[in-house]
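Here's the structure we're looking at; comments come further down.
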Amino acid sequence: MRLFNVTKEIETLQEVGKLSEHTAQFTVVTGRRRIGKTSLICKAYENEKCLYFFVARKAEAELCESYQIEIEQKLGIPMLGRVENFTEIFEYLLKISINQPITLFIDEFQEFFRINKSIYSDMQRLWDMYQNLSHINLIVCGSIYSMMTKIFKDKKEPLYNRQTRFMHVRAFTPSVLKEILSEYNPDYTQEDLLALYSFTGGVAKYVQLLVDSGATTKDKMLNQIVKADSVFLSEGKSILIEEFGKDYGIYFSILSAIARGKTNRSEIEQVIGKEIGGYLTKLENDYEIIVKKQPLFAKSSARNIRYTMNDNFFTFWFRFIYKYNYILEIGGYDKLIQIINRDYETFSGLMLERYFREVLIEKQLYTRIGNWWDRKGENEIDIVAENELDNEAVFYEVKRKAENIDCDILIGKAQTFLKSTGKFKNYEISYKGLSMQDM
């Protein structure tokens, strides 16, 4: 699959490269695993000499040997003798870049923590020493999001705030997913589009795995995801166990409960059987896997809070793959597909609401977008959108089928919202229904 929707990011990275010809640049690129960070950076610098250092889990001396070969091949500059520590190589490149601009891309940067964590403090010392003299374009990225955030945003860490730019690579938007499906399956249906969005969340690698295998319809996607040799089946563990460490079992149980619809803390704690406040805080702030939601315009408090996963793939994985792993252990792939199809309408209905929320955000028609529910859970509005510049507000009801949308009920819920919040006075109010026909 070719690269989609990275024009702005490539232009930004190329602009940073030009800036480095005058002053040193240090760019940190983050984003969840499989989002396409490495492909993006390599594409941006494909037409120039770019040193690529991959931080594998090897001895530091062995890594340095491969880095020396890369330097000699790309720059044509032989290094004198064998270098066994990264600090020497980094200082060597900084010195060269005083007279010769250099682009250096370090991939899996967080792995230095396992190999020799003093590298970070050495890099800080050298960066502070040479930054005003060097013409280096340094780009680092890592696949463990929490570690990368800690390295550069924790005040206790040596590289805190040393970066000159912090880029976050995000998933494909709904419009890009439509573009991809149009190219690989011009006859796709709304069900196919919703399935691609629901199963992948727009994560580049997952989309690539499906479209490159010809799985561009809902049924083909499911058959590709749920089969004996599928990489999707172990993906949740592959990514998250390393993020969570020894407490991964508790985190997995929490995420599984959320994926099954247990959205408030008391419900989740009933499932887990213990107090989970600290775990929820880390999932939200450190790992950014869940988000804490309150009704629009609600006052900040611990009441009426809901937790949800903001990653579609993890929601799907915990809802079906992790929950029914016992079926997969006995080779019941067809059985699991039947279960997914049985529950798919409910699951995809929730994904459809998320889809339209992203569509509205992408269109930039409003200044505020959220949802609302009352404390009793009797009234809930899928999407409330406000344009405070034009004094307009729109209440949206989202259903898979257009015939299931009842505008009278929506208007009644909206009236309850207006009375309880006191918002949108002197606004032009409208009510709209969104279904799969509107995708």
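At a glance:
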{"item": "Folded to 0 to 90 degrees: helix 190-200 orientation relative to the chain principal axis, Cα", "result": "50 degrees"}
{"item": "Residues with amide H under 5 Å from that of Ile383, placed H, sequence gap 5 or more", "result": "Tyr396"}
{"item": "Over the chain: helical MRE at 222 nm, DSSP H runs n ≥ 4 each giving -39500 (n - 2.57), nearest 500", "result": "-14500 deg cm²/dmol"}
{"item": "Integer Hz, Karplus 6.51/-1.76/1.60 couplings in order for the range 159-170, x for Gly and Pro", "result": "8, 3, 6, 7, 5, 9, 8, 10, 9, 10, 7, 10"}
{"item": "Glu157 accessible area, 1.4 Å probe, all protein chains in place, Å² to nearest 10", "result": "40 Å²"}
{"item": "Under Karplus coefficients 6.51, -1.76 and 1.60, residue-wise ³J(HN,Hα) of the range 88-104 in Hz, glycine/proline x", "result": "5, 5, 5, 5, 4, 5, 4, 5, 4, 5, 5, 10, 9, x, 9, 10, 10"}
{"item": "Selected from Asp382, Asp374, Asp390 as most flexible by GNM, with the chain as the system and alpha-carbon contacts under 10 Å", "result": "Asp390"}
{"item": "³J(HN,Hα) computed for each position of the range 420-435 - Karplus, 6.51 cos²θ - 1.76 cosθ + 1.60, integer Hz, glycine/proline x", "result": "6, 9, x, 8, 6, 5, 6, 9, 7, 9, 9, 10, 9, x, 10, 9"}
{"item": "Average Cα contact separation per residue, the range 1-106, under 8 Å, 6 or more apart, as relative contact order %", "result": "28 percent"}
{"item": "Amide H contacts of Thr30 (H built 1.01 Å from N, under 5 Å, at least 5 apart or other chain)", "result": "Met167, His168, Val169"}
{"item": "Unit charges at the beta carbon, dipole of the chain: most positive-side option, Val398, Ile330, Gly370", "result": "Gly370"}
{"item": "Charge context of Glu11, other residues only, Cβ under 12 angstrom, K/R +1, D/E -1", "result": "+1"}
{"item": "Solvent-accessible surface (1.4 angstrom probe) belonging to Phe54, in square angstrom, nearest 10", "result": "100 Å²"}
{"item": "Share of carbon and sulfur in the accessible heavy-atom surface of the range 65-115 [1.4 Å probe, %]", "result": "50 percent"}
{"item": "Separation between Cα centres of the range 204-247 and the range 316-393, rounded to whole Å", "result": "19 Å"}
{"item": "Normalised contact order of the chain, rounded percent, pairs of Cα under 8 Å and 6 or more residues apart", "result": "13 percent"}
{"item": "The chain: angle of helix 248-259 to the longest principal axis, Cα-based, in degrees nearest 10", "result": "40 degrees"}
{"item": "Student exercise, the chain dipole from Lys, Arg, Asp, Glu Cβ charges, in Debye to nearest 20", "result": "1120 debye"}
{"item": "Charge dipole (the chain, unit charges on Cβ, about Cα centre) - positive-most of Phe318, Met1, Ile89", "result": "Phe318"}
{"item": "Solvent-accessible area per residue, Å², over the chain with all protein chains present [probe radius 1.4 Å]", "result": "49 Å²"}
{"item": "Amide proton proximity set for Phe54, modelled H, under 5 Å, gap of 5+", "result": "Asp107"}
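The values are calculated or read from the model by the stated rules, or taken from the named source; none is laboratory data. Predicted model only: the values in this text are computed from it and were never measured. Cβ: placed from backbone, ideal geometry, glycine included. Neighbour counts: every protein chain shown. Areas reflect the complete protein model, heavy atoms only, side chains present, ligands, DNA and RNA absent. Shrake-Rupley method; radii C 1.70, N 1.55, O 1.52, S 1.80 Å.
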